[in-house]
Amino acid sequence: MQSFFTARRSGSLRRIVWAATLLGMAQACGGGSESYDAVLANGRVMDPESGLDAVRHVGVLDGRIAAISTDPLTGADVIDASGLVVAPGFIDLHAHGQDTTSNKYQARDGVTTALDLEGGVFPVASWYRFREGKAVINYGATVGHIAARIKLKHDIDVGHFSTSRDPNLGGERLRAATYDVATSEELERLVALLARGLDEGALGVGMGLAYTPGARRGEALRVFELAAREEVPVFAHVRSAGEIEPGSSIEAVQEVIANAVATGASLHVVHITSSGGRQTPMLIEMIEGAQAHGLDITTEAYPYTAWSTYIESAVFDAGWREKFGMDYGDVQLVSTGERLTRTTFERYRRRGGLVIGHGIPEEVADYAVAHPAVMIASDGLPFRTGGEHPRGAGTFARVLGYYAREKGAITLMEALRKITIMPASRLAHVPQMRNKGRIRVGADADITVFDPQQIIDRATFDESMRFSDGVMHVMVGGTFVVRNGMSVDGVFPGQAIQRSTADAQ
């Protein structure tokens, strides 16, 4: 029997045998006499997929959930979870903080899988190799259209730009990748680069159209055609934002929906509130309408009233104040915390760096977080100075603590649905994700245990490197990365989440 446990993820047949073995040894209403590696005892088990919300004992064996029992279980490590919620580990589809420091803050926020699906990476295979054995939580990425365009125009392998910060998203050094239109021959090469990334395991295609105005509509359509052929989603930061026509949020979302209709590609629109502003309700209505007509289109939001990006990027090209309905004083420089003036904005734009844009109305954030069609994703950036946007450290605790408990804007189960089974289902084309986001026998032991009365975000715009409160235990593949509310040092159980031919068989 042990050979089946140690062979997990080694192939479809072994996974089936392993699952059948577990089903035979675990009872839904009783755990039998088996002993487990770890037991979470007496916790309030909440599983949005099945609707289970009851006190249970959860047995973990060889990195998977082996029993969910009404009766006590025996284990080498028994944790009393009385008064705590035992939930599937939280899944973040939009996490630029792909590094150890950021991972620790994410884990303390209950995250067990953090994926960069908007920006992505290029090259793909080397990035996955670089992260192997170094990840606190599970990791993965799309193939990035921006990074592939930089390779095409400048022959630079950027890897993961948010972590390396070399090169910047904009500026004169990368002007061609940002602003130049691709020729017919270049477009063929670009599609080939993206296809190579998918062959190397990328989870889809990430597009930041707002950052590459040179990528005209025909280029975007070709990328969607590739995604449709490969049966992977496009994760799109739409081309523009604001209410001014032409170039409004509505126009930008219509572009990507039209591409999905024309090609049959799946589509995920990232951070709907920061792209949509006051038009967000209409954008969500458009997405729901597309869903009602059978299209595979989803969206996400983070629970904050500000966004963040690089000041040197195309997002801040001429006309940004009118487009966003913002002024210089609404922009905060991450490295110093200062609010900008016209003079300092122009100085820092030449120099480059991260800024925070205080431009999302509170009622818009509230609307999106509570809407049943919107999942939660952080868009968190790597932590370096402590002045970064707090979303990378507090997104999930904020939804559970502030929105569910304090405001009563959504139920606790609905909040959990938005951060577990919804994102897992968005990646149903990846076999690994079918065993995540769930508390059920046979699922991966990616588990978050939290105090529903205490969980809350502590990260702020002035002090972003602050751990959330109330997350008591976090398991990744059966290994504790958070124990008794504290980070466990020196453990790196995070696994690569990849689209691979071998897994698909």
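The values are calculated or read from the model by the stated rules, or taken from the named source; none is laboratory data. A quick note: this is a predicted structure, and the numbers were derived from the prediction, not measured. Quick reminder, even Gly has a Cβ in these numbers, built from the backbone with ideal geometry, and neighbours come from all protein chains shown. Please note that ligands, DNA and RNA were not included when accessible areas were found on the heavy atoms of the full protein model with its side chains. Shrake-Rupley method; radii C 1.70, N 1.55, O 1.52, S 1.80 Å.
Pull up the DSSP beta bridges for the stretch 265-412 and report the antiparallel fraction as a percent, rounded to 5. Each step should come with its number before you reach the end.
Values: 8 of 14 bridges.
Bridges in the stretch 265-412 that DSSP calls antiparallel: roughly 55 percent.
So what's the convex hull volume per residue for the Cα atoms of the stretch 74-208, in Å³? Please list the in-between numbers first.
On the way: hull volume 16.9 nm³, N = 135.
Looking at the stretch 74-208, the number lands at 126 Å³ per residue.
Calculated from DSSP H runs of 4 or more alone, at -39500 (n - 2.57) each and per residue, what is the 222 nm mean residue ellipticity of the chain, nearest 500?
Numbers: 19 runs with 168 residues, N = 505.
Result for the chain: -9500 deg cm²/dmol, rounded to the nearest 500.
Stokes-Einstein at 10 °C, 1.306 mPa s, Kirkwood radius from Cα pairs: D for the stretch 386-433 in µm² s⁻¹?
Working: Rh = 12.1 Å.
Diffusion coefficient, whole number: 132 µm²/s.
Tally the DSSP beta bridges in the stretch 108-238 and give the antiparallel ones as a percent, rounded to 5. Could the numbers behind the result be given before it?
Numbers: 1 of 12 bridges.
Looking only at bridges with both residues in the stretch 108-238, the antiparallel portion is about 10 percent.
Among DSSP beta bridges whose residues both lie in the chain, state the antiparallel percentage, nearest 5. Write down the numbers at each step before the final one.
Working: 38 of 70 bridges.
DSSP beta bridges in the chain are roughly 55 percent antiparallel.
Could you work out how much longer the chain between Thr70 and Phe130 gets when fully extended? Use 0.36 nm per residue separation minus the Cα distance between them, nm to one decimal. Could the numbers behind the result be given before it?
On the way: separation 60, 0.36 × 60 = 21.60 nm, distance 4.28 nm.
Taking 0.36 nm per residue and subtracting the Cα distance, the gain is 17.3 nm.
For the stretch 182-259, run through the trypsin sites (Lys or Arg not before Pro) and keep only the ones in DSSP coil with at most 15 other Cβ atoms within 10 Å of their Cβ.
Values: sites: Arg189, Arg196, Arg216, Arg217, Arg222, Arg229, Arg239; in loops: Arg216, Arg239.
Filter output for the stretch 182-259: Arg216.
Using modelled amide H (1.01 Å from N, peptide plane; none on Pro or chain starts), what sits under 5 Å from the amide H of Met472, excluding residues fewer than 5 places away?
Val449, Phe450, Asp451
Once the cut-off is 17 Å, how many percent of the Cα-Cα pairs in the stretch 217-291 end up in the long-distance tail? Mind showing how you got there, number by number?
Working: 1074 of 2775 pairs.
Here the long-distance tail beyond 17 Å is 39 percent of all Cα pairs in the stretch 217-291.
If I take all pairs of Cα atoms in the chain, what percentage of them are more than 45 Å from each other?
Details: 12830 of 127260 pairs.
Looking at the chain, the distances longer than 45 Å represent 10 percent of pairs.
How many angstrom lie between the Cα centre of the stretch 111-134 and the Cα centre of the stretch 205-234?
For the stretch 111-134 versus the stretch 205-234, the Cα centre distance is 20 Å.
By how many degrees, 0 to 90 and rounded to 10, does the Cα axis of helix 12-25 deviate from the longest principal axis of the chain?
Helix 12-25 and the main axis of the chain meet at about 40 degrees.
May I ask you to evaluate 6.51 cos²θ - 1.76 cosθ + 1.60, the Karplus curve with θ = phi - 60°, for each residue of the stretch 348-362 and list the ³J(HN,Hα) values in order in whole Hz, giving x for glycine and proline?
Those phi angles translate into 6, 5, 5, 7, x, x, 6, 9, 10, x, 7, x, 9, x, 4 Hz.
Return the tail of the calculated pair distribution for the stretch 71-147, meaning the percent of Cα-Cα pairs more than 15 Å apart.
Every Cα pair in the stretch 71-147 considered, those over 15 Å come to 63 percent.
Could you order Asp317, Asp489 so the one with the most accessible surface comes first? Probe is 1.4 Å.
Details: Asp317 45, Asp489 115 Å².
The residues order as Asp489, Asp317, largest area first.
Restricting everything to alpha-carbon atoms, can you work out Rg to Rh for the stretch 245-403 with a Kirkwood hydrodynamic radius?
Details: Rg = 16.4 Å, Rh = 16.7 Å.
Dividing the radius of gyration by the Kirkwood radius yields 0.99.
Using 0.36 nm times the number of residues separating Glu251 and Ala176, minus their current alpha carbon distance, what extension gain do you get? Spell out each step's value before the answer.
On the way: separation 75, 0.36 × 75 = 27.00 nm, distance 2.50 nm.
Residue separation times 0.36 nm, minus the Cα-Cα distance, leaves 24.5 nm.
Between 0 and 90 degrees, rounded to the nearest ten: what's the tilt of helix 184-199 against the longest Cα principal axis of the chain?
The angle comes out near 10 degrees.
Please report, in whole Å³, the volume per residue of the convex hull around the C-alpha atoms of the stretch 339-466.
Details: hull volume 19.4 nm³, N = 128.
Convex hull of Cα atoms, per residue: 152 Å³.
Please report, in Å, the Rg and the Dmax of the stretch 334-386, where both are computed over Cα atoms only.
Answer for the stretch 334-386, Rg first and Dmax second: 15.1, 43 Å.
Using Cα-only point scatterers and the Debye equation, what is log10 of I(q)/I(0) for the stretch 432-472 at each q in 0.17, 0.22, 0.35 Å⁻¹, rounded to two decimals?
Per q value, in the given order, log10 I(q)/I(0) is -0.64, -0.76, -1.08.
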